[in-house]
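Computed from the coordinates by the stated procedures, all read-outs in this text should not be read as laboratory data. Nothing here was measured: the structure is a model prediction, and the numbers come from that model. Note that each Cβ is placed from the backbone with ideal geometry, even for glycine, and that neighbours are counted across all protein chains shown.
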Amino acid sequence: MNKAFFKYYRSADTIYQVHSPFLYKFAEAVMEKPVKRFPDIETLRNKLKADSSTIHRTDFGAGSKQLRTITTIANIAKSSISHPLVCQWLYRISSFFQPKEILEFGTSLGISSAYLAKGSPGSKITTVEGDSEVFKIANKNFSQLNLEIDSINNTFHSFLEDISPDQDFDLVFLDGHHNYKATKTYFQKLKPHFKPTTIAILDDIHWSTEMEKAWEELKNDPLVRSSVDLFQLGILFFKPENSKPEHRILIPQKYKPWKIRLKD
Ligand SMILES: C[S@@+](CC[C@H](N)C(=O)[O-])C[C@H]1O[C@@H](n2cnc3c(N)ncnc32)[C@H](O)[C@@H]1O
């Protein structure tokens, strides 16, 4: 485990230290519920992890010089898709809020999109992926899982250029192009499409010092009223539930069983 994780673990509170009723309900629904298993998605994940076919991959995080490399599907499935625990959180967030419109940046093989869809079957999900070969595999996976997901093969930048000014999103999951400038830019460009009830989820907020800086600054954006740091995911809320903003670093109670409620 790395230094960032120890820092997170040391500072993390449990649900019992949360003040706002809104964040308490969030923590209860997302962090303290028993795991719900989705054998169809996890069987597919295991199949992808064993798939040695090769594809030409384009790295869209590499700026103007888009790097093309040859890799296996197994390698992508092992290294760049969300861990089952993170998928479980995404499923529960989607299930708790029942967002009408979901936007995901970074489809990869479609595993996190599938969990978001399972949580809220009535949602319209749009997921954006720059790499055309990965995009094709994700589409095959959505058909195999019988999921209706609007998947778009585009760069995040071009998608944002083309988006209608009237388009709002209820849940946004940013899971790609993890650097300071890109994260800040995408957030600013998405702002006009947020409602007060929108939930913005950022992946890999402690992955690098750049991402930690972006997370700290976004938490303090004037639009943000509360935030939750779950180490892998950072979640931003814009709803003015509290007169005082509340920012929490949270961990499921079972990992800090001594952090209980001492008084009401
Ligand atoms: C970490 S993976 C997404 C994982 C996926 N959300 C999951 O957990 O199953 C990030 C994906 O974003 C794509 N990506 C990164 N930067 C991008 C950009 N600027 N435009 C479009 N796609 C991009 C990459 O090709 C990669 O497939």
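About its Cα centre, what dipole magnitude does segment 96-162 give when the only charges are +1 on Lys and Arg Cβ and -1 on Asp and Glu Cβ, stated in debye to the nearest 20? All intermediate terms of the calculation are to be shown ahead of the outcome.
On the way: 5 positive and 9 negative charges, 68 e Å.
The calculated dipole for segment 96-162 is roughly 320 debye.
With N denoting the number of residues in the chain, provide Rg(C-alpha) divided by 2.2 N^0.38 Å, to two decimal places.
On the way: Rg = 18.1 Å, N = 264, 2.2 N^0.38 = 18.3 Å.
Relative to the 2.2 N^0.38 Å estimate, the chain comes out at 0.99.
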Could you size up the charge dipole of the chain around its Cα centre, putting +1 on the beta carbon of Lys and Arg and -1 on that of Asp and Glu, and report it in debye to the nearest 20? 920 debye
Okay, helix-only estimate at 222 nm for the chain: each DSSP H run of n ≥ 4 adds -39500 (n - 2.57), divide by all residues, round to 500 deg cm²/dmol; what do you get? -11500 deg cm²/dmol
Running a GNM on the chain with Cα contacts under 10 Å, which residue among Gln98, Gln232, Gln188 ends up with the highest mean-square fluctuation? Gln188
Just name one of Leu160, Thr185, Ser112: the one whose Cα is farthest towards the positive end of the charge dipole of the chain (beta-carbon charges, Lys/Arg +1, Asp/Glu -1). Ser112
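In terms of the Cα gyration tensor, with a ≥ b ≥ c the square roots of its eigenvalues, is segment 183-264 rounded because a/c is under 1.5, prolate because a/b exceeds b/c, or oblate? Walk me through the numbers before you get to the answer.
On the way: a/c = 2.51, a/b = 1.40, b/c = 1.79.
Oblate shape, in that a/c is at least 1.5 and b/c is the bigger or equal ratio.
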Given DSSP loops and a limit of at most 16 other Cβ atoms within 10 Å, what is the longest stretch of the chain that contains no such chymotrypsin sites (Phe, Trp or Tyr not before Pro)? 1-206
His178 neighbourhood, Cβ < 13 Å, K/R = +1, D/E = -1, net charge -3
Loop-only check: which trypsin sites (Lys or Arg not before Pro) in segment 8-115 are DSSP coil with at most 12 other Cβ within 10 angstrom? Lys36, Arg37, Lys65
Where does the charge balance sit around Leu233 when Lys and Arg score +1, Asp and Glu -1, over other residues with C-beta under 11 Å from its C-beta? -4
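Which net charge results for the neighbourhood of Arg92, defined as the other residues with beta-carbon distances under 15 angstrom from its beta-carbon, given Lys and Arg at +1 and Asp and Glu at -1? Walk me through the intermediate numbers first.
On the way: positive: Lys25, Lys33, Lys36, Arg37, Lys118; negative: Glu28, Glu32.
Charge balance near Arg92 sits at +3.
With the Cα gyration tensor of segment 102-202 in hand, give its eigenvalues times 5 under a square root as the equivalent ellipsoid semi-axes, listed largest first in whole angstrom. If you can, show how the numbers build up before the last one.
Working: eigenvalues 88, 52, 27 Å².
Semi-axes (√(5λ), whole Å): 21, 16, 12.
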Count neighbours as other Cβ atoms within 10 Å of each site's Cβ, and list the GluC sites (Glu not before Pro) in segment 11-48 that are DSSP loop with at most 15 such neighbours. Glu32
Cα-centre dipole for segment 193-264 with unit charges at Cβ (Lys and Arg positive, Asp and Glu negative), debye to 20: 540 debye
